[in-house]
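Just below is one structure, and these are the notes that go with it.
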Amino acid sequence: MDLQDVLKLLELMESRHLDEIEVEQGGVRIRLKKGSATPAPAPIVVTPVAAVNPQGNSNAAPAVEKPAPPDSELVKVTSPMVGTFYRAASPDAEPFVNEGDRVAADQVVCIIEAMKVMNEIKAEVEGEVVSILIESGESVEYGQPMLTIRRSAAAK
């Protein structure tokens with residue numbers, strides 16, 4: 001089994017919308033699976049400890065910083081496949097969106113090239129583009145965040 005065979009299997013997975021495929025040929029077994037089986041590690045929160053009076057007593061309660069609550073208005077646009085991320089339809093074209101732009105739910109925000117096929121990725125929510133997390137031409141993995149959009153009040 002060579003690289004071309006593996007690429008054909010990947011193309012088959014994409015065209016048939018398969019999450020997993022396993023093939024055995026000539027004593028070689030290959031298994032391809034989308035996504036990651038390893039969960040993301042939990043974030044570590046460090047809280048400062050209050051200074052203690054040199055005499056050993058402290059009248060002040062310890063200062064504890066609470067982590068900021070997550071912004072429930074932010075929606076991550078993630079990659080539905082492995083490929084190459086492009087912000088524009090061609091190298092000399094304007095980007096589909098820039099930070100600060102308003103987008104509609106059905107608006108194309110980027111393209112992912114996979115197996116020489118250009119796949120348009122839509123916003124899926126109405127709102128404002130807050131950040132673009134990947135540079136044009138960089139590789140993306142399945143499920144990798146590419147943009148964040150602040151959902152508009154009307155779209156809730």
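Quick check on Phe85: is it more than 17 Å from the chain's Cα centre (by Cα) and either buried (at least 17 other Cβ atoms within 10 Å of the Cβ) or closer than 27 Å to Arg16 by Cβ (or both)? If you could, list the steps in order and put the result at the bottom.
Values: more than 17 Å from the chain's Cα centre (by Cα): no; either buried (at least 17 other Cβ atoms within 10 Å of the Cβ) or closer than 27 Å to Arg16 by Cβ (or both): yes.
For Phe85, the condition - more than 17 Å from the chain's Cα centre (by Cα) and either buried (at least 17 other Cβ atoms within 10 Å of the Cβ) or closer than 27 Å to Arg16 by Cβ (or both) - is not met.
Whether a residue is at pLDDT below 90, of a type in the set (Ser, Thr, Tyr) and surrounded by 11 or more Cβ atoms within 10 Å (Cβ to Cβ) was assessed, and Ser58 passes this test. Per the listing Phe85, Phe96, the residue uniquely touching a strand residue (DSSP E or B) at 6+ places or on another chain (Cβ under 9 Å) and over 21 Å from Lys34 (Cα atoms) is Phe96. With respect to (1) loosely packed, with under 14 Cβ neighbours inside 10 Å; (2) in contact (Cβ under 8 Å) with a residue 24 or more places away in the chain; (3) not basic (Lys, Arg), the lone exception for Glu126 is condition (1). Residues that are polar (S, T, N, Q), closer than 29 Å to Leu12 by Cβ and at pLDDT 80 or above occur in segment 86-108; there is at least one.
Based on this model, can you work out whether Gly100 counts as over 13 Å from the mean Cα position of the chain (by Cα) and without any contact (Cβ under 8 Å) to a residue 60 or more places away in the chain? Yes; evaluated as a whole, the condition is true for this residue.
The values are calculated or read from the model by the stated rules, or taken from the named source; none is laboratory data. In this text the structure is predicted, and so the values were computed from the model without any measurement. No Cβ is skipped: glycine too gets one built from the backbone with ideal geometry, and neighbour counts run over all protein chains shown.
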